[in-house]
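Structure record follows, encoded as structure tokens.
The values are calculated or read from the model by the stated rules, or taken from the named source; none is laboratory data. Note that the coordinates shown come from a computational prediction; the quantities given were computed from them, not determined experimentally. No Cβ is skipped: glycine too gets one built from the backbone with ideal geometry, and neighbour counts run over all protein chains shown.
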Amino acid sequence: MMRRKFSIRYSWSLPSLIALGVVILVALYALSALSPLLRGPTLILNPPRATDHGTVLIEGVANRVSSLSINDLSVPTTQDGFFSVERAYPAGYTVVVVSARDRFNRETTATQTFVTHSSITYGTKEKSDQQSSN
């Protein structure tokens with residue numbers, strides 16, 4: 001029995017090569033333009049800072065979001081995605097959950113934990129350093 005070799009030869013013309021190149025470039029551009037939508041929302045949180053008012057400043061950047069919340073309370077963002085919230089928390093261990101949701105209902109959450117110290121002490125009196133001379 002004799003085996004035959006089949007070979008297919010392609011002859012590419014210059015217009016078909018140019019058309020193929022254009023199709024590949026358009027596909028790559030479309031993929032790069034859609035990649036932010038495919039990735040979903042992102043959150044970048046800065047470390048929490050205590051303010052002079054006895055509150056805690058929570059700030060960061062949220063990209064590709066339609067809504068943002070901190071502990072289930074809505075927070076506005078700028079056009080660049082920056083957000084900054086100053087809130088009072090009780091003294092002790094605190095957990096803050098930041099949630100970002102995009103227009104396709106995909107959600108990203110980030111959790112920050114910190115310890116707050118009360119700067120005001122209630123029910124104490126300061127002792128005077130003055131000594132009386134008798």
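The table that follows gives values for the structure above.
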quantity	calculated
Members of the range 62-83 that are within 13 Å of the chain's Cα centre (by Cα) and among the polar types (S, T, N, Q)	63, 66, 67, 69, 77
Some residue of the range 38-46 being at positive phi, polar (S, T, N, Q) and exposed (fewer than 13 other Cβ atoms within 10 Å of the Cβ)	no
Only listed residue being of a type in the set (A, V, I, L, M), modelled with pLDDT of 90 or more and in contact with a Leu (Cβ under 9 Å, 6 or more places away or on another chain), chosen from 58, 70, 18	58
Count of residues meeting criterion [out of contact with any Pro (no Cβ under 9 Å at 6 or more places or on another chain) and charged (D, E, K, R)] in the range 72-116	5
Candidate set: the range 84-102, residues that are within 15 Å of the chain's Cα centre (by Cα) and surrounded by fewer than 17 Cβ atoms within 10 Å (Cβ to Cβ); chosen: the one farthest from residue 38 (Cα to Cα)	84
Residues within the range 42-71 that are in contact with a Pro (Cβ under 7 Å, 6 or more places away or on another chain) and over 22 Å from residue 107 (Cα atoms), tallied	2
